[in-house]
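Working notes, beginning with the structure itself.
The values are calculated or read from the model by the stated rules, or taken from the named source; none is laboratory data. Because the structure is predicted, anything quoted here is derived from the model rather than measured. Note that each Cβ is placed from the backbone with ideal geometry, even for glycine, and that neighbours are counted across all protein chains shown. The area values use the complete protein model at the heavy-atom level, side chains included, leaving out ligands, DNA and RNA. Shrake-Rupley method; radii C 1.70, N 1.55, O 1.52, S 1.80 Å.
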Amino acid sequence: MSPFSLILLYLPSLAVLVDGKSLSYDWTVSFSHRAPLALPKQVIVINDQFPGPLLNATTNDVLNINVHNNLTEPFLMTWNGLQMRRNSWQDGMQETNCPILPGQNWTYSFQVKDQIGSFFYFPSLLLHKAAGGYGPIRVNNREVIPIPFPQPHGDIDVLIGDWYSAHHRDLRASLDNGIGLQNPTGILINGRGPNETVFKFEPGATYRLRISNVGLKTSLNFRIQDHLMLLVETEGSYTAQQTYRSLDIHVGQSYSVLVTAKNQTCGKSYYMVASSRLTDAELFGVGVIRYPNSDDFPSGPLPSGPQWNLSAGAARPNPQGSYHYGRINVSRTIVLRNGEIDTNRHLYTVNGVSFVHQGTPLKMADYFELESSRKGNFPDTPTDNGISTLGASVINANYREFYHLVFENPTPYLQTWHLDGYNFFVVGMEFGTSSWEEDMKATYNLNDAVSRSTVQVYPSGWTAVMVMLDNQGLWNLRSQDAERWYLGQELYLRVRGIGEEDPSTIPVRDEVPIPENAILCGGIS
């Protein structure tokens, strides 16, 4: 039976309102012929928009998003950075959800509980992200919780990312045949090519720019000609406020910056630039900042970027409370090393294992207690025997334990890693040596490290994070490089309470029950 077969029962999922509103959206996902870089391509649009519509919520709101799949392929949407508290049923990953088949619909229903910040959504199946389908998410503070900076004049979503002119099916076929993704065709800003995206500034006003790298694999440097940026938030955490001329934003990462418009421009307009890092040739996405009565387009060369900008990745948060993560005893250390394997095609691995999707999503297999759900012997450290395998990589983790994760990157390519369901504290980062040792803990920041959900690992480097596993469910940990993710560089954390292996024993206070409208597939359809 196909893993994409299903039974569809359409009933709204239950979510509890706590000091929030219920927001409803109706989205139609379809193909549309567009030409973002003057090269025609079949693009995934939502309600005929590319990028898709803004999800604008406030802490504790419940979002009900009815997704109609008008594509010719199965579809899922995931919500990069939203924690889905107690509710991995809504995470939109291949091992948590059965897909929405062509011509069908499904309603995601989840609460943005106890979160604020800047995020984005994107399609999670079949390399659909290469065709678009992404859009911005804002989670605003409740009115009773002040933001740690003056209220800006306006919020502006800025989605930057690499773009391939080839059809996503052709890119997928190349990867399936062992041919990697080459350099992208160009860089888009809000789905458009050079000088096509225009932002209007009022003199002297301050704007909050919510910037996300929604691309497939290219790190980008972001800057605005003759304007400084005050970093104030990253992926749901307010930071110590530091001023930058440019920011490196790696795939899957999101930042908020405050930009104060000039009082006098003498009729000038200004470049907004997103330029590629670590590509054979530097590529540029270019937007335009216009003032009243300014020229339509800037003059002169684009502003140049720096060689590297490492400090933004280690920016310090300024949370509304204090959380002394450095004083908590670590329950378990897991070292994760990315690698490669050549079988009948080129694949990517974590600790020697390349992820293979099963016919039934693991979350469903767990709930219905299928034999396939009993897997979970993923190694805590890299294997040095040179043997790589294929499998459904799962780490069994205990609810409310405190984990120390180390990402090792022995390759000459930059990596970014993302953990669904959580933010983690980035306590250590080094490049030039990819092998982590215990004594490197002495260099850790155990006082005020940044809290985020996506972190970079530099070439021949390592990054260490600490995370409190206070969100029960099945959570995806993946390379944000779409090529490496598609070819197996991911795993799952199965977080549950001790003695709660039987789903019927899990209290509702710890995990939301299976949705009444759950799509079934594979061995349980």
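Suppose the filter is under 22 Å from Glu501 (Cβ atoms), under 23 Å from the mean Cα position of the chain (by Cα) and open to solvent by less than 30 Å² (accessible area, probe 1.4 Å); does Tyr458 pass it?
Values: under 22 Å from Glu501 (Cβ atoms): no; under 23 Å from the mean Cα position of the chain (by Cα): yes; open to solvent by less than 30 Å² (accessible area, probe 1.4 Å): yes.
Considered against the rule, which asks whether it is under 22 Å from Glu501 (Cβ atoms), under 23 Å from the mean Cα position of the chain (by Cα) and open to solvent by less than 30 Å² (accessible area, probe 1.4 Å), Tyr458 comes out as no.
Hey, any hits in the range 246-254 for a residue that's over 27 Å from Thr59 (Cβ atoms) and more than 18 Å from the chain's Cα centre (by Cα)?
Within the range 246-254, one or more residues are over 27 Å from Thr59 (Cβ atoms) and more than 18 Å from the chain's Cα centre (by Cα).
From the list Gly267, Gly305, which one is outside any strand (DSSP E or B), surrounded by fewer than 17 Cβ atoms within 10 Å (Cβ to Cβ) and not β-branched (Val, Ile, Thr)? Can you show your working first?
Working: Gly305 fails: surrounded by fewer than 17 Cβ atoms within 10 Å (Cβ to Cβ).
Residue meeting the stated conditions: Gly267.
I'm checking my understanding of the structure. Among residues of the range 383-393 that are closer than 28 Å to Glu501 by Cβ and open to solvent by 10 Å² or more (accessible area, probe 1.4 Å), which one is nearest to the chain's Cα centre (by Cα)? Spell out how you get there, then give the answer.
As a first pass, look at the range 383-393 and keep what is closer than 28 Å to Glu501 by Cβ: 383, 389-393.
Narrowing the set further to residues that are open to solvent by 10 Å² or more (accessible area, probe 1.4 Å) leaves 383, 389-392.
Details: Thr383: 28, Thr389: 27, Leu390: 25, Gly391: 23, Ala392: 21 Å.
Per the criteria, the residue is Ala392.
Specify which of the listed residues (Leu446, Leu493, Leu414) is surrounded by fewer than 18 Cβ atoms within 10 Å (Cβ to Cβ) and not small (Gly, Ala, Ser).
On the way: Leu493 fails: surrounded by fewer than 18 Cβ atoms within 10 Å (Cβ to Cβ); Leu414 fails: surrounded by fewer than 18 Cβ atoms within 10 Å (Cβ to Cβ).
Sole residue among the options that is surrounded by fewer than 18 Cβ atoms within 10 Å (Cβ to Cβ) and not small (Gly, Ala, Ser): Leu446.
If Ala518 satisfies every condition in (1) touching a Gly at 6+ places or on another chain (Cβ under 6 Å); (2) buried (at least 17 other Cβ atoms within 10 Å of the Cβ); (3) assigned to a loop (DSSP other than H, G, I, E, B) but one, which is the exception?
Exception for Ala518: condition (1).
Whether any residue in the range 417-424 is touching a residue at least 12 places away in the same chain (Cβ under 8 Å) and open to solvent by 40 Å² or more (accessible area, probe 1.4 Å) is what I want to check.
Going residue by residue through the range 417-424, those that are touching a residue at least 12 places away in the same chain (Cβ under 8 Å) are 417-424.
Remaining after also requiring open to solvent by 40 Å² or more (accessible area, probe 1.4 Å): none.
Looking through the range 417-424, none of the residues is touching a residue at least 12 places away in the same chain (Cβ under 8 Å) and open to solvent by 40 Å² or more (accessible area, probe 1.4 Å).
Could you identify the single residue in Ser451, Ser525 that is buried (at least 23 other Cβ atoms within 10 Å of the Cβ) and at pLDDT below 95?
Values: Ser525 fails: buried (at least 23 other Cβ atoms within 10 Å of the Cβ).
Of Ser451, Ser525, the one residue that is buried (at least 23 other Cβ atoms within 10 Å of the Cβ) and at pLDDT below 95 is Ser451.
Among the residues of the range 394-411, write down those that are more than 25 Å from Gln358 (Cβ to Cβ) and either among the acidic types (Asp, Glu) or open to solvent by 10 Å² or more (accessible area, probe 1.4 Å) (or both).
Arg400, Glu401, Glu408, Pro410, Thr411
Please give the strands (runs of 3 or more DSSP E) falling wholly within the range 165-262 in which 2 or more residues are open to solvent by 50 Å² or more (accessible area, probe 1.4 Å). Before the answer, list the steps.
Details: elements: 186-189, 197-200, 206-213, 220-224, 229-234, 237-244, 246-249, 254-260.
Qualifying strands (runs of 3 or more DSSP E): 197-200, 237-244.
Looking only at the range 36-53, which residues are part of a loop (DSSP other than H, G, I, E, B) and either touching a strand residue (DSSP E or B) at 6+ places or on another chain (Cβ under 8 Å) or modelled with pLDDT of 95 or more (or both)? Please lay out each step first, then the result.
Step one: filter the range 36-53 for residues part of a loop (DSSP other than H, G, I, E, B), giving 36-40, 47-48, 50-53.
The answer is Pro36, Leu37, Pro40, Asn47, Asp48, Phe50, Pro51, Gly52, Pro53.
Hey, any hits in the range 136-143 for a residue that's in a helix (DSSP H, G or I), touching an Asp or Glu at 6+ places or on another chain (Cβ under 7 Å) and either open to solvent by 10 Å² or more (accessible area, probe 1.4 Å) or not acidic (Asp, Glu) (or both)? Break it down into steps so the answer makes sense when it comes.
Step one: list which residues in the range 136-143 are in a helix (DSSP H, G or I), which gives none.
No: the range 136-143 contains no residue that is in a helix (DSSP H, G or I), touching an Asp or Glu at 6+ places or on another chain (Cβ under 7 Å) and either open to solvent by 10 Å² or more (accessible area, probe 1.4 Å) or not acidic (Asp, Glu) (or both).
Could you grab the pairs with beta carbons closer than 9 Å, sequence gap of 6+ or different chains, first residue in the range 59-82 and open to solvent by less than 10 Å² (accessible area, probe 1.4 Å) and among the hydroxyl-bearing types (Ser, Thr, Tyr), second one assigned to a strand (DSSP E or B) and modelled with pLDDT of 95 or more?
Thr78/Tyr121; Thr78/Phe122; Thr78/Pro123; Thr78/Asn476
If you go through the range 100-114 one residue at a time, do you hit one that is on the phi < 0 side of the Ramachandran plot, at pLDDT below 95 and in a loop (DSSP other than H, G, I, E, B)? Before you say what the answer is, go through the steps one by one.
As a first pass, look at the range 100-114 and keep what is on the phi < 0 side of the Ramachandran plot: 100-102, 104-113.
With the extra rule that they be at pLDDT below 95, the set shrinks to 113.
Retained after the next criterion (residues that are in a loop (DSSP other than H, G, I, E, B)): 113.
For the range 100-114, residues on the phi < 0 side of the Ramachandran plot, at pLDDT below 95 and in a loop (DSSP other than H, G, I, E, B): present.
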